[in-house]
Structures are given as C-alpha cells and as structure tokens.
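What follows draws every value from the coordinates through simple rules; no lab data is involved. The structure presented is a predicted model; accordingly, all values stated were derived computationally and were not measured. Counting neighbours? That spans all protein chains shown, and the Cβs are built from the backbone with ideal geometry, glycine included.
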Amino acid sequence: MLVTLALVTGLVFQPHPARTLAAADGTLCPPATAVLADRQHGHAVTCRGWSAPDFIAGTAAADVLVQPAAPDAGAPCETVHYHRVVFVGEPIASSAIFTFAGDVSTGFIPLTADQASMAAVADAYVTDVQLGSEEPAERAGALACSLDPTYHFLCPVLGAVDRFCMSWVLRSRPGVAG
C-alpha cells in the first residue's frame with residue numbers, strides 16, 4: 001500500500017530558506033526545516049538534536065517539536081520528522097529512497113522526468129508526523145507533549161496529514177546568497 005501511495009506523489013517545491021531553526025542546545029537544524037516548519041503559527045517550533053552526516057546520508061531524520069507557545073492541558077502538539085531523500089541512478093537520478101516512521105521503514109519510488117531534473121538542483125524531503133496533546137508531566141504543574149506512537153505522512157506545503165509528497169528545497173549556489 002505504501003508503494004502505491006508513493007507512486008502517486010506530486011512535485012511539491014519550496015524555495016531555498018533564508019534562515020534556519022536553532023536546536024535547544026544552540027546548534028542549527030537542517031536548513032530545510034525552517035521553511036518547512038513555517039506552516040506553524042502561534043506555536044513554539046524547536047529542533048531536537050540531530051546528526052548532520054546521518055541526515056545528509058538519508059539515514060536519520062531531523063525532528064522538530066511543534067507545540068503551542070502557551071499550552072493548556074489537552075492542547076494539540078506534534079513532532080514533525082524530516083527525512084532526507086537519497087537519489088540513486090546513473091547518470092541521472094531515477095529513484096528516490098527515504099526512511100520514515102521512526103526510521104524503521106524505508107520507501108523507494110521511481111522518479112518522474114520532472115523529479116529527476118529537480119534532483120540535480122534541489123534536495124528533497126519526505127515528512128511524517130506524530131500527533132499528540134499537552135498532558136500533565138511528572139513535575140507538578142508542568143505540561144509535556146504526549147505523542148501517539150502512530151506516524152502519519154505529512155505534506156508540509158499543503159498542510160495535509162496522511163498525504164505523501166516530496167518537498168523540494170533548492171540548493172544554494174556558490175556565490176549566491178539565499
């Protein structure tokens with residue numbers, strides 16, 4: 001079923017971001033997470049620790065916690081996982097491989113001609129999300145995001161849960177700001 005879902009993927013494009021998100025420890029998140037996380041307004045968007053080499057290789061996700069800036073008990077929250085797509089094929093990319101669902105599943109889709117052309121100039125991401133709600137934490141009075149273990153595909157550009165898409169972010173060109 002996931003393969004069939006993956007075959008109907010559309011081309012979703014994002015311009016290269018001009019900013020990045022900062023993780024709680026001050027390190028920078030992958031550049032694409034800033035532009036892809038912009039769909040959240042009135043929420044705190046925090047990147048969690050990530051490994052740049054693993055993310056670039058497509059073997060680990062970048063996780064972004066999204067919760068209300070001033071949460072109340074029962075308020076919705078989510079953790080969005082950005083999975084880097086790895087392109088394979090010579091001399092032109094012909095397939096996309098990515099992990100999802102907590103990095104325990106792998107997807108593989110053939111690229112359309114348009115997607116293969118985009119792979120030469122842009123990075124692609126597949127996004128999934130875990131939904132949850134703010135619930136009382138072990139500390140009295142504190143709230144924490146309690147996540148459902150189920151993963152859902154997310155198409156950030158459309159803001160659509162349970163919709164698979166690849167999000168494209170143009171790579172910076174040397175000497176060009178952006």
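Given 0.36 nm per residue, what is the gain on full extension from R139 to D114 after removing their alpha carbon distance, in nm?
Taking R139 through D114 to full extension adds about 3.8 nm, to one decimal.
Can you tell me the order of 112-122, 156-166, 132-142, 74-84 when each peptide is scored by its average per-residue count of other Cβ atoms within 10 angstrom, highest first?
Final packing ranking: 74-84, 156-166, 112-122, 132-142.
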